[in-house]
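Worksheet: the structure to be examined is printed underneath.
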Amino acid sequence: MLTGKGFTQVFNVKGGIKAWEGVKAWGPVELNMDLVTGEESPGEVVVIAYGMEEGLWRLYGTAAERTSQSEVLSLLERLGSIEERHKQDLVRLYADLGAGSESDLRSQAVYERFEGGGRADVFLKENDQAFESAEGCLQLAMMLEAQALDLYSRFAERMSGMSAREVLYKLAEEEKTHLGLLGGLLERVLGRGKG
Amino acid sequence: MINLKQLFSHVSSLDPAEVKAYIAENPAGSYTILDVRQSGEYEKAHIPGAKLIPLPELDGRVNELPREKPIFVY
């Protein structure tokens, strides 16, 4: 159908979703799309992203306060520091866009939702078992990064402005990098558990 | 009845690992991952960043797809 309509680069993914071995996203197309109108400027997009990164940083902090396991605590602190770096990346992007200072960004951001759009209090309640092991923490973190990548991609589709769309694709690309980093951490944790 | 073989008869097939490698090496937004299943299936699990256009709707929504970018369909 697509090739018949002039598309020249169409590839079928063998085996479909069942054969996909990477992290998957979930939820309907409209999940958390209430966070955007589609008319946001590039700076406003960064404000939304910053709020969610801060939200995830806070979620890791809350989970760290609740754990008594040293390995999990250490990992949660590391995940928190990774999110702190992501926030600083957004501060730089905000400045590069000419949108304002870090204090402007922080004052406008909303912190009710964490990365991917969920609410921290609900999430922690529903996923408390995942925080009982380093492996569980990392698998959860990877799921959240996959949700964030998915959400930024869906935001990009909604944007009417090309500049905002480009910023969102840049943010989605960052999430791909984050996923790779977490995947490497998980492999090391799983490797330590063998034998 | 839609014949999937006919729909994909002139389309190359790639292993998921090849698609993952392409995605890893190319920036988000430079390609399209297209999910042609029903919304309920998409909701349960989908490739992160995939665009959903259920197959029965594809003909009428084909203009939503950028022609100049590679499309990975599942």
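The values are calculated or read from the model by the stated rules, or taken from the named source; none is laboratory data. This one's a predicted model, so the numbers in the text were calculated from it and none came from an experiment. FYI the Cβ positions are ideal-geometry reconstructions off the backbone, even for glycines, and counts take in every protein chain you see. Surface accessibility is based on the protein's heavy atoms, side chains included, excluding ligands, DNA and RNA. Shrake-Rupley method; radii C 1.70, N 1.55, O 1.52, S 1.80 Å.
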- Failed criterion for A:ARG85 (all others in (1) open to solvent by 60 Å² or more (accessible area, probe 1.4 Å); (2) under 22 Å from A:GLU30 (Cβ atoms) hold): (2)
- Message: Condition first: over 16 Å from A:ILE48 (Cβ atoms), of a type in the set (Gly, Ala, Ser) and without any contact (Cβ under 8 Å) to a residue 12 or more places away in the chain. Now tell me which residues in region A:104-135 satisfy that.
- Response: A:ALA130
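Would you list the helices (runs of 4 or more DSSP H) that sit entirely within region A:80-195 and hold 1 or more residues that are farther than 19 Å from A:THR37 by Cβ and within 17 Å of the chain's Cα centre (by Cα)?
It comes to A:120-126, A:134-158, A:162-193.
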- Message: Give me the residue from region B:49-69 that is part of a loop (DSSP other than H, G, I, E, B) and open to solvent by 20 Å² or more (accessible area, probe 1.4 Å) and, out of that set, nearest to the other protein chains (Cβ to nearest Cβ).
- Response: B:GLY49
- Message: Condition check: of a type outside the set (Lys, Arg), open to solvent by 10 Å² or more (accessible area, probe 1.4 Å) and under 15 Å from A:ALA49 (Cα atoms). Does A:GLU174 satisfy that?
- Response: yes
- Note on the structure: Taking region A:60-99 and keeping only residues that are farther than 18 Å from A:LEU144 by Cβ and touching a Gly at 6+ places or on another chain (Cβ under 7 Å), one is left with A:TYR94, A:LEU97, A:ALA99
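Only residues that are more than 7 Å from chain B (Cβ to nearest Cβ) and outside any helix (DSSP H, G or I): list them for region A:24-56, please.
Those that are more than 7 Å from chain B (Cβ to nearest Cβ) and outside any helix (DSSP H, G or I): A:GLU30, A:LEU31, A:ASN32, A:VAL36, A:THR37, A:GLY38, A:GLU39, A:GLU40, A:SER41.
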- Checked region A:109-138 for anything open to solvent by less than 60 Å² (accessible area, probe 1.4 Å) and in contact with a strand residue (DSSP E or B) (Cβ under 7 Å, 6 or more places away or on another chain); matches are A:ARG113
